[in-house]
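Here's the structure, in structure tokens; my notes come after.
The values are calculated or read from the model by the stated rules, or taken from the named source; none is laboratory data. Keep in mind the model is a prediction, meaning the values are calculated, not measured. So basically every Cβ, Gly included, is an ideal-geometry build from the backbone, and we count neighbours across all protein chains shown. For the accessible areas, the whole protein counts, side chains as well, though only heavy atoms, and no ligand, DNA or RNA atoms are used. Shrake-Rupley method; radii C 1.70, N 1.55, O 1.52, S 1.80 Å.
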Amino acid sequence: MKTFNLAALLMLLMVCNVKAQNDSVKQLKDQTLQEVEVVTTRPGTIKSRGLMNAATITSNELTKAACCNLGESFTTNPSVDVSYSDAATGAKQIKLLGLSGTYVQMMTENIPNFRGTAAPYSLGYVPGPWMQSIQVSKGASSVKNGYESITGQINIEYQKPQLTDHINANVYGNTMAKFEANADGTIHLNDKWSMGLLLHYEDKYKDQDHNHDGFIDDPNVRQYNGQFRWAYFSPNYILQAGIRMISENRSSGQMESHSVSGMPLYRIGIDTKRYEAFAKNAFILNSEHNTNIALILDGSIHEQNAFYGLKDYDVRQKNLYASLLFETEFTKMHSLSTGISLNHDYYNEMLHFEPSNIQNAATMLQNPSFIPKETTPGAYAQYTFNYDDKLIIMAGLRADNSSYYKKTFVTPRAHIKWAPNDIFSLRGSIGKGFRTVHALAENNFLLASGRQLIIGNLEQEEAWNYGISTSLNIPVFGRNLQLNAEYYYTNFLHQTVIDYDSDPTQINIGNLQGDSYSHTMQIDATNSFFKGFTLTAAYRLNDVKTTFGGILMSKPLQSKYKGLLTASYKTPLGLWQFDATMQFNGGGRVPGQEDFKAYEQLSAQVTRWFRHFSIYIGGENLTGFKQKNPIINAANPFSNSFEPTLVWGPVSGAMGYIGIRFNLEKL
């Protein structure tokens, strides 16, 4: 795809702007103004005023960047980091409180989702235009959603068919040869029934090797994604149900131009099929006391067939989740939530290594620790005390039993919030989390490495999380200055450790032998200095350490700090919007190499709004910074020193994009 002519496009948008304004003036001369509509702009990110330290990323915030998928939706968020897990497969991971995304409970509409095999590539499974909002909560969460949350939760709310009758569409292209098209629409059958359809197609179709290491910089991905859903609303019964289907093929590896006579090309291919169905039923027993019973059902099948050079890995995961909940408010001060749940996982994993006469070929994975199936029933109770929204205390306890580990484990969690007035609030939380590890399914991108992969007999992970945060809303010259400060400490009792340090020819995945913890401190401020303009500044410190080979060391590939500065301006008539974000990423440790240095990234976007559509143009990583030699020993991909998984920064340089959004809601 050719590089976009930014100047020409901006000139075209300005001409359209002048013409639109002249036409509007001409129409006003001939008409009498009959009605005035006052419109207020919804904030892009809304900090929760409730019990949890949470923030909601609204659809307005998602339009400030390309936001092609969930993984690209946190560009302007100071709390969540998104980075490549490796430079070969395109797997991405989020980091919250300085720890891997596996410790964040991912949910779709409050249903636990994208676990196990789906984890490495799940950030690409949720198209940006499909999302109504994203809720990010930190620290210990409610026991209602299970025991797996350790550092927090990320919940995705899709576009709902019952809210509006609309047809939306989005077309996008970038200079990395990626094309994307999205469409979603809803229809109201009557006053109770409504249906919605969401469609997505993307194609990254061209091999590119800008760093000339012989490997494709960004995998070629072709994805078909669809969701059909329906909703029923009546005074005593509510139903939300739907089906989702994903078909994705990603390919990467050596460019054909770098093939060596007598040596096969090192190629990577990952073919994924995912099917999911869900139903959320709510029975309203007493609306005055918010008494209701809810039944949540979700089932998924995730199939992945992959090859990494000479290694073939096929996995089929089936998951069934069911939850029955009861909630009631005895009074405005006292409420109770209780319920039972069941989670069943079934894995069928096959790993095959093709023998080769290539000298120094990597040896086969040893001691694979496969957990074929696990059934975990559980029950919980949670009590909330609310004194006039000034003092809120919530205490929850759940007990679950693992069929694989043959034990019952207890998860306690507690929250407190004190808000004596509208200006100041203080929150505290403490809670435990557990997690069953499927080491190869969750980290299958490690098979791209030439190192010998050794997996031990892994224990169930267990950790405590403690947090405290404070918020200030200060009126300044008629504007609201929001200040937030927080500190979180995560301490692992049992943890699965991926060890690159003990042996340079091996990747060892085993149980923690020693200490492992994370300290994170963050402060951020948001202010609207004048109408239409919003500025956010944030700074976060990370102190994350784990014991590797008996030595307590900083977690590898983790930036020691992060700074963020975002600015957004929308013109008075709402026709133009300008957004820019600068990230400052601190240095960190790389196993067996020198520490990486601090680096900056800049992204910017200009949007021109029309009545039923908008055109946006922008760029990411405009500073052009990229990690030098993200693939170690790329010339010898079948040796045990070949390493594409030690990625700490961008693997591609500056990228430009253009897109158009259609909204036919008011036609």
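Brief remarks on what is shown
- Checking each residue in segment 154-166 for being modelled with pLDDT of 90 or more and open to solvent by 20 Å² or more (accessible area, probe 1.4 Å) picks out GLU157, GLN159, LYS160.
- Selection of first residues in segment 241-254 that are of a type in the set (Lys, Arg) and of second residues that are part of a strand (DSSP E or B), restricted to Cβ pairs under 6 Å at least 6 apart or on distinct chains, gives the following pairs, ordered by first then second residue: ARG244/GLN227; ARG244/GLU276; ARG250/VAL221; ARG250/ILE270.
Every residue, every condition in (1) part of a loop (DSSP other than H, G, I, E, B); (2) in contact with a Phe, Trp or Tyr (Cβ under 7 Å, 6 or more places away or on another chain), yes or no:
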residue: GLN162; (1), (2): yes, yes
residue: ASP165; (1), (2): yes, no
residue: ASN168; (1), (2): no, yes
residue: VAL171; (1), (2): no, no
residue: ALA183; (1), (2): no, no
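- Considering residues of segment 219-267 that are among the β-branched types (Val, Ile, Thr) and more than 24 Å from the chain's Cα centre (by Cα) only, the residue farthest from THR117 (Cα to Cα): VAL260
- Failed criterion for ASN110 (all others in (1) at positive phi; (2) open to solvent by less than 20 Å² (accessible area, probe 1.4 Å) hold): (2)
- Selection status of ALA538, within 16 Å of GLY563 (Cβ to Cβ), of a type in the set (Gly, Ala, Ser), in contact with a Pro (Cβ under 8 Å, 6 or more places away or on another chain) and modelled with pLDDT of 95 or more: yes
- Consider segment 275-296 and keep the residues that are of a type in the set (Gly, Ala, Ser) and closer than 15 Å to ASN236 by Cβ. The one that is surrounded by the fewest Cβ atoms within 10 Å (Cβ to Cβ) is SER287.
- Subset of segment 113-130 [open to solvent by less than 10 Å² (accessible area, probe 1.4 Å), closer than 18 Å to ALA277 by Cβ and in contact (Cβ under 8 Å) with a residue 60 or more places away in the chain]: ASN113, GLY116, THR117, ALA118, TYR125, TRP130
- The criterion of being assigned to a strand (DSSP E or B) and farther than 28 Å from ASN401 by Cα does not hold for SER502.
- Once segment 590-619 is narrowed to residues that are among the charged types (D, E, K, R) and within 22 Å of GLN558 (Cβ to Cβ), the residue that is nearest to the chain's Cα centre (by Cα) is GLU600.
- GLY299 vs. criteria under 26 Å from the mean Cα position of the chain (by Cα), on the phi > 0 side of the Ramachandran plot and open to solvent by less than 50 Å² (accessible area, probe 1.4 Å): no
- Counted residues, segment 553-587 - those being part of a loop (DSSP other than H, G, I, E, B) and either touching an Asp or Glu at 6+ places or on another chain (Cβ under 6 Å) or β-branched (Val, Ile, Thr) (or both): 2
- Here the condition is being open to solvent by less than 10 Å² (accessible area, probe 1.4 Å) and of a type outside the set (A, V, I, L, M, F, W, C); of ASN473, ASN444, it holds for ASN444 alone.
- Looking only at segment 383-423, and only at residues there that are of a type in the set (S, T, N, Q), part of a strand (DSSP E or B) and touching a residue at least 12 places away in the same chain (Cβ under 8 Å), the one that is nearest to ILE371 (Cα to Cα): SER402
- Condition met for ILE150 (among the β-branched types (Val, Ile, Thr), at pLDDT 95 or above and outside any strand (DSSP E or B)): yes
Quick grid of which residues meet (1) touching a residue at least 40 places away in the same chain (Cβ under 8 Å); (2) assigned to a strand (DSSP E or B); (3) closer than 19 Å to PRO556 by Cα; (4) among the aromatic types (Phe, Trp, Tyr):
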residue	(1), (2), (3), (4)
ILE430	yes, yes, no, no
ALA441	yes, no, no, no
LEU446	yes, no, yes, no
ASN465	yes, yes, no, no
TYR488	yes, yes, no, yes
LEU493	no, yes, no, no
GLY514	no, no, yes, no
SER518	yes, yes, yes, no
ASP524	yes, yes, no, no
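This table checks each residue for (1) touching a Ser or Thr at 6+ places or on another chain (Cβ under 8 Å); (2) among the acidic types (Asp, Glu); (3) open to solvent by 50 Å² or more (accessible area, probe 1.4 Å); (4) at pLDDT 95 or above.
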| site | (1), (2), (3), (4) |
| --- | --- |
| HIS334 | yes, no, yes, yes |
| TYR346 | no, no, yes, yes |
| GLU354 | no, yes, yes, no |
| ALA362 | yes, no, no, no |
| TYR383 | yes, no, yes, yes |
| MET394 | yes, no, no, yes |
| LEU397 | yes, no, yes, yes |
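- Out of ARG608, ARG589, sole residue that is under 30 Å from GLN254 (Cα atoms), surrounded by 15 or more Cβ atoms within 10 Å (Cβ to Cβ) and out of contact with any Gly (no Cβ under 9 Å at 6 or more places or on another chain): ARG589
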